[in-house]
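Derivation of every value follows stated rules applied to the coordinates shown; laboratory data play no part. These figures come from a predicted structure and were not determined experimentally. Neighbour counts are summed over all protein chains in view; Cβ atoms, including those assigned to glycine, are modelled from backbone coordinates with ideal geometry.
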Amino acid sequence: MVFLSEPPPTQADLHFSLFGFPVRISPWFWGVSILMGIRSGGPQELLTWVGVVFVSILVHELGHALAMRYFGWNARITLYAFGGMAAYESNSAMQQGQNSPRSQILISLAGPAAGFVLAGLVVAAIYATNRSFYFFFTTIGQGPYLDNPQLILLVRYMLFVNVLWGLVNLLPVYPLDGGQVSRELFMLFNPRRGIVQSLWLSVIASGAAAVFGLMLMESLYVGLMFGFLAYSSYQTLQAYLRGGYGGGRGW
Ligand SMILES: [Zn+2]
């Protein structure tokens, strides 16, 4: 995640393997997902929300992990606090993988792309069952398909989380996926000043997103989140100019 570093392993961690990738779910993941969905309504709605967030973030990280494997690295997936991460396995020899701007950009894009594919599958399923796409966006309780409000909610959440999550992640903001892409692109065009330019873009883009969130969306959450990212991008910029940037991948 962006705000907190990866938490140490606990007894309450959930471990399993997915397509050969070790997956660890921190208890913080459930806590924050519940907090974010607490206003969704009753317990059934909350359960649907948490399930959608779980599947969506897992699929996003799986996209990164599959791309890492494609380029020759072992990966592991961790879901914690506000999101997830796919990291290179510490035992994987970095020399074996392709570490090029192209592979880094494709690994970063693979997360949002996996979410867009999942959203596309949901849309395909709607058409496959001969339902109107618009019915999912009319008010629940009106229209001819009143049979299953939970299904309607599931579809709305799936599209909302996967499309929005992907788009937000593509903003050129550190340490989001778009920030990694922007860093690689700036460095391709300007190896000497690329990182500084991409960090300035990150400060400006996250600052603009914070203002947009506060003023237009009237969302304190979005405002605070991007305000924090603008601040941390500025801190990273200062640290880099002093010569102490460590790097890192989140979300
Ligand atoms: Zn990502």
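Here are some notes:
- Ascending count of other beta-carbon atoms within 10 Å, so fewest first, for E89, E184: E89, E184
- The alpha carbons of the stretch 187-228 occupy a box of 39, 15, 10 Å along the principal axes, longest dimension given first.
- Residue order, fewest to most beta carbons within 10 Å, for L153, L35: L35, L153
- Burial ordering of T10, T48, fewest other beta-carbon atoms within 10 Å first: T10, T48
- Net length available on complete extension from L35 to L216 is 62.8 nm, with 0.36 nm assigned per residue and the Cα-Cα distance removed.
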